[in-house]
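Notes follow the structure.
The values are calculated or read from the model by the stated rules, or taken from the named source; none is laboratory data. Quick caveat, the model's predicted, so the values are computed rather than measured. Note that we place each Cβ from the backbone using ideal geometry, even for glycine, and neighbour counts take in every protein chain shown.
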Amino acid sequence: MTTLYFILVGVLMGNIAVGLIRILRGPTAADRMLAAELFGTVTVAIILLLAIVMEKPVYYDVALVFALLSALAVVAFVTRGWPNPEPGEQDDGRR
Amino acid sequence: MMGAADIAGAVLAVAGVLFFLAGTLGLLRFPDIYTRIHALTKADNLGLGLICLGAAVQSGSLMTALKLLLVWILVLLAAATGASLIAQTAHRRGIRPWARQE
Amino acid sequence: MADWIPVVIIFMPLLAAVLVFTQTVRGVAATLATGGFLLIGLVALGSEVSGQGPWLTWQPGGWPVPLGLRWQADSFSVVMLAMVSLVAVSGGLFATGFLPTALPSAERHFWTLWLFTWAAMNSLLLAADLFNIYVGLELMALAAVGLISLSRETEALQAAMRYFLVTLFGSMLYLMGVALLYGQYGMLDQAALAAVIEHGLANVVAAVLITLGLLIKTALFPVHFWLPSAHGKAPVPVSALLSAVVVAVCFFIMYRLWSGLFFVFLADQPAMVLGVVGLASIFWGGLQALRQQSLKMIVAYSTIAQFGYVMLVFPVFAAGGATVLAWHGAVMLVLAHGLAKASLFFAAGCLHIAYDHDRIRELPGGVGRLGWVWLAFALAAASIVGLPPSGGFVGKWRLLQAAVLGEAWFWAVVMVLGALLTGAYMYRGLETAWRPAAPAEAVRTVPGIMVAVTLFCAVGAVAIGFLAVPLESFLGRTFEPLPIAGG
Amino acid sequence: MTAFYLILAGVILAMAFHALMTRPNLLRKLMALNIFTSAVFLFLVTLARMAEPLDPIPHAMVLTGIVVTVSTTAVGLALLVRLYRRSGSLTLQSTDDD
Amino acid sequence: MAVFDLILGLLLVVLVWKSLSVSDLFGAVISFMAFGLLMAVAWVRLEAPDIALAEAAIGSGLTGALLFSTLGRLPHSEARQPVVSRTVRNGPGYWMTTGFWWVLAILLSIAFLFSLLDLQTPGLGGLLQERLPESGVLNPVTAVLLNFRSLDTVMEIAVLLLAVVVAWSMGTVVWPVKRTLPSPLLPGFVRLLTPFFLLVSFSLLWRGSHAPGGAFPSGAVLAAAGILLLLAGKTTRICPRFMFWLRWILAVGLLVFVFAGVSLMVAGYGFLVYPEQWAGALILLIEVSAGVSIGAMLMALYIGGEPDIHSA
């Protein structure tokens, strides 16, 4: 049973690696932020699976705090962090 | 011993991870930001929901099950709001949706 | 022992800082009140230290050492606490005159940062727990960054950012060393560790990392570059505090570790390395000071040189011979340097107010009130150079005696050359005093309080020379680097 | 198996130290400093795990460290923004620095 | 289990490499936040739930928001500078200095790793288990933080307060913040989410005595709620009276802790020595006041300057 969960966690880690490619290639800042949001969700999933494997329900609270804080990151990005380009330059990735 | 709950939990977890794979693949393969938002928001959150369900089934106590449900709802809320915020701002910033060139 | 003493010494400045932050007390009143309370605490502490033997320990939280924390105090920490309080109060008084004219905007936040630095230094001087020292170092570093960036000009902000990065990196190296020691022995207390520490790769690497971190904070030769710009660009009372006591507290911690916890390693290589670092700092600081154009930069570089000088105490320890003499010399040197350095910076501040610049070439001679400033500068310079009968002389003389008795001839020669070099760059600042005075209207009046404080610190530095004998009897005849373990 | 995390901490230390020394951009230096700190904390928590009964003292030390790190990072970022507004650049030009 | 460690380690190293050397500053910040998230997974793997909570709340949540607000204040052009400018890269001695720093970095980590070979790690876990019942709380980390090594925590709250003072001393910030909202959805979303934040924050605070939680994570979650309200434009005009109370709220955590210690000393127990029967209650009082003021302090740090109420 635990080996199955570790395979699943390994696959989720693969997701993060894939998300990394999007960060590198992502033309616009929003793509990179989507990758960050992916990381947040995948981290919550990994912590849940680890909690099941380690039989420690205390980690569900860690997942809960992560779920809350992922909202903060996205909102902070959209309202403050999104680099709005100078008027002349179109930020749709055609650089 | 592999109880019924463990099997159900394992199946749900596997399904959840499959949805995660689908969502991440979409994020990688889709051509522009709007389609990527769809992939990410829908598939990944469903994946997380299934994993939460799997964990809830295995945890046995109602309290943890409710807590996991809360985790899922919060992630859903965050993802939905984030998606619409990013999409609206991207549109206002003039990022044109991808169109198939014939 | 009276449990209230360390609590008053550490938490009175902290409380004053919070009261000033919440705008219930004015800054000057809080500083003077803290000075008063600390005077009482220090008198009580001094009487207890001289009464009940070299070491006093307290346990905040009441738990025995491996689990709980410990405060410790010996005669060296009492003397350092007295100097820190003296410089902090005099710097505060100087700031009442200096800030309104030079930095009116900074006055709102100056006092809170000033009292926080004071609290951090007091807690470092009493701390016996390695992790507690780390938190104290961070507190002091943050307060110093705030103080340096008070004038908000570009160079001050750059100096503050450079200091921020370098000193935090130093703290991280220090924490790595502490983590290694904790990994090896599971203890964080200096005395408890000293009882069990022995040669081993992990301990040597930990000692190197901790020393490197503290060298960065004491701004000695290989990692000194942040100090001149930080102390040169900061407001004058801040430079005085940073040069006179903040760097001295970092040296105090290094001294505490190398004479106590790592003393077993001191044999010859580490002592040689520390000696070479001191030697390089003396000559690099001295040569740079000879090239500087502004008075404040000369005084800043002299800080590097003087703390290089005090580092020579470690090779003298390793050479055996008169460790008590070397210890007395180091204590007197740090004490006299603190007061003299504060007075030099105050003098530079007065000249800055009077002529609005401190470039040596264009500084006219002093007359009237500025004459007193130059007198203070001369006295402080005498103490830094080590001319008898000043405190600096007694310190250097004791160190030289210990080096001669321990047959460390090389280091004795280094000491003499270092003193000559110090004389050279101090004279460069001094010879402006004999130039013809500037026309009266070109000189702005310097507030009386500033001149008085400058003179007070300079006279203090010289007076230490006269009080050498009672001070050395207070320091004690025996060289007791560590309290009994688990005390 | 937890010894692997010691090696991991060592590798991250080296990368963060190198970046801290060579990157001229101040924001990158701050991030490198943060990563260096996280590596030291990783080392501390691995020690806690390797000790026979799980040792919570390093956990308390790391918790204190995390709060200290976030406060220093916040001050560093505030200083960075003020420096940028005054000098218009994100690097320390004048003398070479550490 | 080993495979999991290997993958996690590999990912952490890749993320560190990305966040330190990818040319786009924005991508670097995102990689840095991902590094924070994966570090939380490492804390969970190393069975440190308290640190995972703190890392989740403070590391990825607050540091991420701080970095985004800093990036927002820098113009877009700054974010796309190459890691090392072209002129420096092929300037004289660039590769020499980089090589030099690489050699030094590798030496530092090798010396560090070699010293780990004979590390005994005795640890104080056993000793702590014996003395835990006397500390008045069940969670060992809270016992260490608030009872055994309470002086560290007092100094750490002082560091946090000092950070706020330094940030305020650097200048003022226009208040209330007038920014155009990206969409009406945001205020509604935040209004919906704030009760959850408060619920989680107080539950973390209350559980601090017997389960992972305590003043720091709950303060960070509280600060996150405040920041969300700020980002959603929910900032009202502050009267000078409020500024006076804000300074007291910021300072209350430190003041309560110090006064508790001093009053215990005056009562004869000794500075910060909790008598057994009141230990739990005293620790709870200290934790509540510390939690609230840490939330306020982290929020003030996010704002990054003294709110200038006369400006808007």
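Kindly evaluate residue E:74 against the criterion of being at pLDDT 90 or above and either surrounded by fewer than 24 Cβ atoms within 10 Å (Cβ to Cβ) or at the interface with chain A (Cβ under 7 Å from one of its Cβ atoms) (or both).
Values: at pLDDT 90 or above: no; either surrounded by fewer than 24 Cβ atoms within 10 Å (Cβ to Cβ) or at the interface with chain A (Cβ under 7 Å from one of its Cβ atoms) (or both): yes.
No; evaluated as a whole, the condition is false for this residue.
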| query | Can residue E:53 be described as buried (at least 24 other Cβ atoms within 10 Å of the Cβ), out of contact with any Phe, Trp or Tyr (no Cβ under 7 Å at 6 or more places or on another chain) and within 7 Å of another protein chain (Cβ to nearest Cβ)? | reply | yes
| message | Quick check on the stretch C:318-326. Is at least one of its residues farther than 27 Å from residue C:54 by Cα and either acidic (Asp, Glu) or surrounded by 24 or more Cβ atoms within 10 Å (Cβ to Cβ) (or both)? | response | no
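Just to be sure, is residue C:44 over 21 Å from the mean Cα position of the chain (by Cα), outside any helix (DSSP H, G or I), among the small types (Gly, Ala, Ser) and within 19 Å of residue E:266 (Cβ to Cβ)?
Values: over 21 Å from the mean Cα position of the chain (by Cα): yes; outside any helix (DSSP H, G or I): no; among the small types (Gly, Ala, Ser): yes; within 19 Å of residue E:266 (Cβ to Cβ): yes.
Spelling it out, it is not the case that residue C:44 is over 21 Å from the mean Cα position of the chain (by Cα), outside any helix (DSSP H, G or I), among the small types (Gly, Ala, Ser) and within 19 Å of residue E:266 (Cβ to Cβ).
Inspect all residues belonging to the stretch B:26-33 and state whether any of them is of a type in the set (Lys, Arg), at pLDDT 85 or above and closer than 29 Å to residue E:200 by Cα.
No, the conditions are met nowhere in the stretch B:26-33.
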| message | Kindly evaluate residue C:432 against the criterion of being among the hydroxyl-bearing types (Ser, Thr, Tyr), loosely packed, with under 14 Cβ neighbours inside 10 Å and in contact (Cβ under 8 Å) with a residue 40 or more places away in the chain. | response | no
| Could you count how many residues in the stretch E:195-226 are without any contact (Cβ under 8 Å) to a residue 24 or more places away in the chain, crowded, with 23+ Cβ neighbours inside 10 Å and among the hydroxyl-bearing types (Ser, Thr, Tyr)? | 0
| Which residue pairs have Cβ atoms closer than 9 Å, lie 6 or more positions apart in sequence or on different chains, and pair a first residue in the stretch C:162-177 that is facing chain D (nearest Cβ under 7 Å) with a second residue that is of a type in the set (A, V, I, L, M, F, W, C) and not in a helix (DSSP H, G or I)? | C:162/C:225; C:162/D:92; C:165/D:92; C:166/C:219; C:166/C:225
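Just give me the residues in the stretch E:1-24 being surrounded by 24 or more Cβ atoms within 10 Å (Cβ to Cβ), of a type in the set (A, V, I, L, M, F, W, C) and within 7 Å of another protein chain (Cβ to nearest Cβ), in sequence order.
Correct list: E:12, E:16, E:20.
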| task | Residue by residue through the stretch B:57-79, note down the ones that are facing chain A (nearest Cβ under 10 Å) and within 17 Å of the chain's Cα centre (by Cα). | result | B:68, B:70, B:71, B:72, B:73, B:74, B:75, B:76, B:77, B:78, B:79
| query | Tell me, which helices (runs of 4 or more DSSP H) wholly within the stretch E:86-193 include 1 or more residues that are within 21 Å of the chain's Cα centre (by Cα) and free of Cβ contacts under 8 Å to residues at least 12 places away in the same chain? | reply | E:150-169
| query | If we scan the stretch C:189-209, do we find a residue that is at the interface with chain E (Cβ under 10 Å from one of its Cβ atoms), over 20 Å from residue E:168 (Cβ atoms) and touching a residue at least 60 places away in the same chain (Cβ under 8 Å)? | reply | yes
| query | Would the stretch C:210-231 turn up any residue that is at pLDDT below 90 and within 14 Å of chain E (Cβ to nearest Cβ)? | reply | yes
| task | Search the stretch E:159-210 for residues being over 30 Å from residue E:132 (Cα atoms), in contact with a Gly (Cβ under 6 Å, 6 or more places away or on another chain) and more than 14 Å from chain C (Cβ to nearest Cβ), and hand back the single one that is modelled with the highest pLDDT. | result | E:173
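Taking only the stretch B:63-96 into account, find how many residues are among the aliphatic types (A, V, I, L, M), without any contact (Cβ under 8 Å) to a residue 12 or more places away in the chain and either more than 23 Å from residue E:193 (Cα to Cα) or surrounded by 22 or more Cβ atoms within 10 Å (Cβ to Cβ) (or both).
Going through the stretch B:63-96, the residues among the aliphatic types (A, V, I, L, M) turn out to be B:63, B:65-66, B:68-71, B:73-80, B:83, B:85-87, B:90, B:95.
Of the ones still in play, those that are also without any contact (Cβ under 8 Å) to a residue 12 or more places away in the chain are B:63, B:65-66, B:70, B:73-74, B:77-78, B:85.
Of the ones still in play, those that are also either more than 23 Å from residue E:193 (Cα to Cα) or surrounded by 22 or more Cβ atoms within 10 Å (Cβ to Cβ) (or both) are B:74, B:78, B:85.
Result for the stretch B:63-96: 3.
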| field | Pick from the stretch C:77-97, criterion surrounded by 20 or more Cβ atoms within 10 Å (Cβ to Cβ) and either among the small types (Gly, Ala, Ser) or over 22 Å from residue C:115 (Cα atoms) (or both), ranking: nearest to the other protein chains (Cβ to nearest Cβ) | value | C:95
| query | In the stretch E:103-130, what count of residues is obtained for those that are surrounded by fewer than 17 Cβ atoms within 10 Å (Cβ to Cβ) and facing another protein chain (nearest Cβ under 7 Å)? | reply | 7
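So, in the stretch C:135-194, how many residues would count as being aromatic (Phe, Trp, Tyr) and either touching an Asp or Glu at 6+ places or on another chain (Cβ under 8 Å) or under 24 Å from residue D:59 (Cβ atoms) (or both)?
Going through the stretch C:135-194, the residues aromatic (Phe, Trp, Tyr) turn out to be C:163-164, C:169, C:174, C:182, C:185.
Now restrict to residues that are either touching an Asp or Glu at 6+ places or on another chain (Cβ under 8 Å) or under 24 Å from residue D:59 (Cβ atoms) (or both): C:169, C:174, C:182, C:185.
The number of residues fulfilling the criteria is 4.
Here's a check for you: in the stretch D:18-71, which residue that is among the basic types (Lys, Arg) and within 12 Å of the chain's Cα centre (by Cα) is farthest from residue E:146 (Cα to Cα)? Explain how you work it out, then say what you get.
Start the filter on the stretch D:18-71 by keeping residues that are among the basic types (Lys, Arg), which leaves D:23, D:28-29, D:49.
Going one step further and asking which of them are within 12 Å of the chain's Cα centre (by Cα), we end up with D:28-29.
Values: D:28: 35, D:29: 33 Å.
That would be D:28.
Looking at the stretch C:341-357, is at least one residue in contact with a strand residue (DSSP E or B) (Cβ under 9 Å, 6 or more places away or on another chain), outside any helix (DSSP H, G or I) and of a type in the set (D, E, K, R)?
Pass one, the stretch C:341-357, residues in contact with a strand residue (DSSP E or B) (Cβ under 9 Å, 6 or more places away or on another chain): C:348, C:357.
Now restrict to residues that are outside any helix (DSSP H, G or I): C:357.
Checking the rest, the ones that are also of a type in the set (D, E, K, R) come to none.
For the stretch C:341-357, residues in contact with a strand residue (DSSP E or B) (Cβ under 9 Å, 6 or more places away or on another chain), outside any helix (DSSP H, G or I) and of a type in the set (D, E, K, R): absent.
To keep it simple, each residue is scored yes or no on (1) surrounded by fewer than 24 Cβ atoms within 10 Å (Cβ to Cβ); (2) more than 7 Å from chain E (Cβ to nearest Cβ).
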{"residue": "D:22", "(1), (2)": "yes, no"}
{"residue": "D:29", "(1), (2)": "no, yes"}
{"residue": "D:47", "(1), (2)": "no, no"}
{"residue": "D:57", "(1), (2)": "no, no"}
{"residue": "D:68", "(1), (2)": "no, no"}
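Residue-wise test of (1) under 22 Å from residue B:71 (Cβ atoms); (2) in contact with a Lys or Arg (Cβ under 8 Å, 6 or more places away or on another chain); (3) among the β-branched types (Val, Ile, Thr).
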| site | (1), (2), (3) |
| --- | --- |
| A:9 | yes, no, yes |
| A:14 | no, no, no |
| A:17 | no, no, no |
| A:22 | no, yes, no |
| A:29 | no, no, no |
| A:37 | yes, no, no |
| A:45 | yes, no, no |
